[in-house]
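Before any comments, here is the structure.
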Amino acid sequence: MSAAPLAPADPRTAPVSPAEHEPLTRRSAVIAALSLVLAAAAGLVAHLLLALIGLVTNLAYFGRVSLELASPVGHGLGVAAVGVPVAGALVIGLMARYGSAAIRGHGIPEVMERVLFGESRIPPRVMVLKPASAAVAIGTGGPFGAEGPIIATGGALGSLVGQLVHVTADERKTLLAAGAAAGMAATFGTPVSAVLLAVELLLFEYRPRSLIPVALAASAATAVRIAFEGSGPIFPMPEMRAPGGAALASYAVLGAIVGVASVGITRFTHAIEDGFERWGERLHVHWMWWPLLGALVVGLVGLIEPRTLGVGYDNITGALGGGIAGRALLVLVVLKLVSWAAYLGSGTSGGTLAPLFTIGGGLGAWLGAGGAAIAPGLGIDPRMAGLVGMAAIFAGASHALLASVVFAFETTRQPVGLLPLLAGCSAAYFASLLIERHSIMTAKLARRGVPVRLEYSADHLAQVLVRDAMSRAVETLPADERIATVLGTMTRRSHQGFPVVDRDGRLLGVVTQRQLLEAADEPERAVREIVTRPPVIAFEDNTLREAADHMVLSHVGRLPVIARDDPGRLVGIVTRSDLLAAHAPRLRAARERSSAVPWPRGVR
């Protein structure tokens, strides 16, 4: 039975056109309000986690009840201190196996994975188990910072709100990123770099509807931190002088060296992870026991250099301020790397930021001191070199360039450091990306066969208008033509769909070959009688992105194009083939750019 004919409608109101792009919607205000609530909660969670770490540290190493964040240095336990990280690892293994395996790992990569492949849904229990396990790991000497677990916890909190409230997956991602940014801002008092980190690693976009809630959350979480901790920088440094040209060039070279080192650190860490997985399977040892071995390394290294134990924010301050220098600084860097990589690679709960800052800051300060001694005329300041090294190693390891630069500035409040930081981090990013395309955050996903691209570029289809890609020669069908007449000429028609126009050339709708064939048993009917819905159209000034989205949402493969100033007047048609053909100039330009410079063989 054929469909009921569509009564002829006024073509000025009938066509269904693409939705116009809106940077913000009314729902954005709701998401922004939820982000502010998240920020307050994330700020409190950050404060509570630091207090919990202090409690575990004081109990484990000093046998006292105190919430003050303390360093395990000076614990006085002797060789018995080796058992403290091992005991913590046993607790974490049990929590991971019988609670949630999601607590294992860095924190940030796991959040990225949920954003990319899990519709930003994080199990609610992670919000409790992640900070608890991190407090046990760090409090018992794990060489991690609290920021990774807090970022993961803030993201889990945002995801939970997004699951309780009726929101889209896109909005849930924004809430997750807002919670994560709030967690970082509440830990370090770095709202701008927290927003940049969310943009570079979590949002996978740069749009007002996601950027504004994240920025508001980071600002509010920083206010919460100020209420508890004050507004001072977390890594205070002596005032420094602005560098000259020679020093600036030296910091850029130092950044490149640290960038190469960051690749080695990333590969070293992942090699340890692979080793645990390979030998764990061969020896049939369940992964819940692996952290015990990593913790044993932590304990033994802690006997040699107690400053490798725990959060170690004071180590960063010492490296940047010159309090730790020379051979002691190099020993701290090497042993911190061994302890951190071994424990993290074993699958415990920990973070990457603070250990990387310690390693990079110490390496930069050590190299800077050496450079100043060898070539004093360059004007290298070891403290500035330490600052550049701290940021450059994170830029090289995470590929979050802007977040690294601004983070180092916000945590030290050294305005003269901005130019050296920009030069050093850019060089580190450049060097690391030439050697290794994946970061410490994305390498694990890539090894699973799911490479992640963190590059942002303007949507090519959003820059091309329909009028520049459409076909102007349109094969139409007269509305009053008989079905029999049309079917008689069907063999000469190459298209699958045909705009139907009235005597004045006004568009009434579109019919397909299938509709015409299904109406073959009623040959005397007019074509207009089998038009079943208003025409799904595009305007000349729509973008191809709007046209493509409109095709998908409307389940059509072609759009008649009508004039916006004279609705109903057919001026062309745009098809899926036209959308594909629109990419030809972009691909041609890319080929021309790649062949413009004769690069040496082997250089990408």
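The values are calculated or read from the model by the stated rules, or taken from the named source; none is laboratory data. Here the structure is a predicted model, which means the values were calculated and not measured. When we count neighbours, we look across all protein chains shown, and the Cβ atoms used for this are built from the backbone with ideal geometry, even at glycine. When the accessible area is computed, the model is the full protein with side chains, heavy atoms only, and any ligands, DNA or RNA have been set aside. Shrake-Rupley method; radii C 1.70, N 1.55, O 1.52, S 1.80 Å.
Some points to look at:
- For the stretch 123-215, the spread of Cα positions along the three principal axes, ordered from largest to smallest, is 42, 28, 18 Å.
- The Cα center of the stretch 216-272 and the Cα center of the stretch 290-356 differ in position by 17 Å.
- Here the sum of -39500 (n - 2.57) over DSSP H runs of 4 or more residues, divided by the residues of the chain, equals -18500 deg cm²/dmol at 222 nm, to the nearest 500.
- Counting heavy atoms of the protein chains alone, Arg472 has an accessible area of about 150 Å² for a 1.4 Å probe.
- Shown in residue order for the stretch 158-175 are the 3J(HN,Hα) couplings computed by the Karplus curve 6.51 cos²θ - 1.76 cosθ + 1.60 at θ = phi - 60°: x, 5, 4, 4, x, 8, 7, 9, 6, 9, 7, 4, 5, 5, 5, 4, 4, 5 Hz (x for Gly and Pro).
- The calculated FRET efficiency for the pair Arg413 and Ile374, based on their C-beta separation and a Förster distance of 41 Å, comes to about 0.85.
- Distance between the pseudo-spin-label points of Leu59 and Ser577 (7 Å out from Cα toward the beta carbon): 7.2 nm.
- Pairwise FRET efficiency - Ala51 versus Met240, Cβ, R0 = 51 Å, nearest 0.05: 0.95
- For the stretch 169-289: rounded, prolate or oblate by the Cα gyration tensor [a/c cutoff 1.5]: oblate
- Helix axis angle, 353-374 relative to the chain longest principal axis, alpha carbon, degrees: 60
- Volume per residue for the stretch 46-90 equals 71 cubic angstrom (convex hull of Cα atoms).
- Largest to smallest accessible area among Leu59, Leu164, Leu332, Leu50 [probe 1.4 Å]: Leu164, Leu59, Leu50, Leu332
- Rounded to 5, percent antiparallel among DSSP beta bridges of the chain: 70
- For the chain, the C-alpha radius of gyration divided by 2.2 N^0.38 Å, with N the number of residues, is 1.21.
- Accessible surface of Leu69 - all protein chains present, 1.4 Å probe, nearest 10 Å²: 90
- Two-decimal ratio, the stretch 537-596, of alpha-carbon radius of gyration to 2.2 N^0.38 Å: 1.38
- Global form of the stretch 284-360, assessed from the alpha-carbon gyration tensor, a/c cut-off 1.5: prolate
- Helix 108-117 vs. the chain, principal-axis angle (Cα, 0 to 90°, nearest 10): 10
- Placed amide H near Gly142: partners under 5 Å, 5+ positions off or other chain: Gly310
- Computed over the stretch 171-229, the P(r) curve from all C-alpha pair distances, binned at 5 Å from the origin, holds 4, 26, 34, 21, 10, 4, 1 percent per bin.
- Heavy-atom surface analysis with a 1.4 Å probe gives the chain a carbon and sulfur content of 62 percent of its accessible area.
- Intensity falloff of the stretch 236-320 expressed as log10 I(q)/I(0), Debye formula with alpha-carbon point scatterers, at q = 0.14, 0.21, 0.24 Å⁻¹: -0.80, -1.15, -1.20
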